[in-house]
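Below is a structure I'd like to ask you about.
The values are calculated or read from the model by the stated rules, or taken from the named source; none is laboratory data. The structure presented is a predicted model; accordingly, all values stated were derived computationally and were not measured. Every residue, glycine as well, gets a Cβ built from its backbone with ideal geometry; the counts of neighbours run over all protein chains shown. We work out accessible area using only protein heavy atoms, side chains counted, and drop any ligands, DNA or RNA first. Shrake-Rupley method; radii C 1.70, N 1.55, O 1.52, S 1.80 Å.
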Amino acid sequence: MIFWAVKQLVVWSIVCVLAVVIWTDEGAIEALFRRVMATAGSGNTAAAESTDDEGGRMLTLRAGAGGHFWVDAEVNGSTVRFVVDTGATSVVLSEEDAERAGLRLSPRDYTALQRTAGGTVRAAPVTLREVRIGALGLSDVEAAVNPALSGVSLLGMTFLNRLDGYEVRGDNLRLYW
């Protein structure tokens, strides 16, 4: 009985300390969210490429854990893991993903301001030579590199707006081009 009580006291003490640390550090909250989202997004959700009713091409993505649409895309020839985010004005890469895609940035490249859940941050505007998901490929995609982004990149509206359309039906996101 005493061992159980001590064990409970230790566990709850750790939970309380973590809660205080996370609550007082806004950056920690966003970093924790990004880590959880990246972990939940294991596995590519690209389901199938096909032809739509009007003869156009269609790529169907299936929702992953938590209802998010994850996809591994080729950016400038390198694989980058994205969550599809219609709330993101542009494609946004983490610094790690930007480096993987061959983008070499210096501090002077961070000339834009972006509003995020954690506040306003400086970002580096970039143009991606190519973003490809299977047969769907777009050239010269406007994007930004956000140093506050960690663990996940966002496939936002500068990609989605260049498609013929997209729609969500149940657990499926369809991209038309």
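Can you work out the FRET efficiency for the pair Arg62 and Ile2, with r the C-beta to C-beta distance and R0 = 35 Å, to the nearest 0.05? Walk me through the numbers on the way to the answer.
Numbers: r = 50 Å, r/R0 = 1.43.
Once the sixth-power term is evaluated, E becomes 0.10.
Could you work out how far apart the two model spin labels at Thr111 and Trp177 are, taking each label as a point 7 Å from the Cα in the direction of the beta carbon, and quote it in nm?
Rounded to a tenth, the inter-label distance reads 2.8 nm.
Could you pull the Cα extents of the stretch 45-176 along its three principal axes, largest to smallest, in whole Å?
48, 28, 21
Please list Arg115, Arg132, Arg169, Arg162 in order of solvent-accessible area, largest first, computed with a 1.4 Å probe with all protein chains present. Can you show the working numbers first?
Values: Arg115 220, Arg132 80, Arg169 140, Arg162 110 Å².
From most accessible down to least: Arg115, Arg169, Arg162, Arg132.
Taking the Cβ of Tyr176 as the centre, find all other residues whose Cβ is under 14 Å away and add up their charges (Lys, Arg: +1; Asp, Glu: -1). Don't skip to the answer; put the middle values down first.
On the way: positive: Arg57, Arg162, Arg169, Arg174; negative: Glu49, Asp52, Asp53, Glu54, Asp164, Glu167.
With Lys, Arg at +1 and Asp, Glu at -1, the net is -2.
Applying 1/(1 + (r/R0)^6) with R0 = 22 Å to the Cβ-Cβ distance of Glu99 and Thr120, what FRET efficiency is obtained, to the nearest 0.05?
Details: r = 23 Å, r/R0 = 1.06.
In this case the efficiency is close to 0.40.
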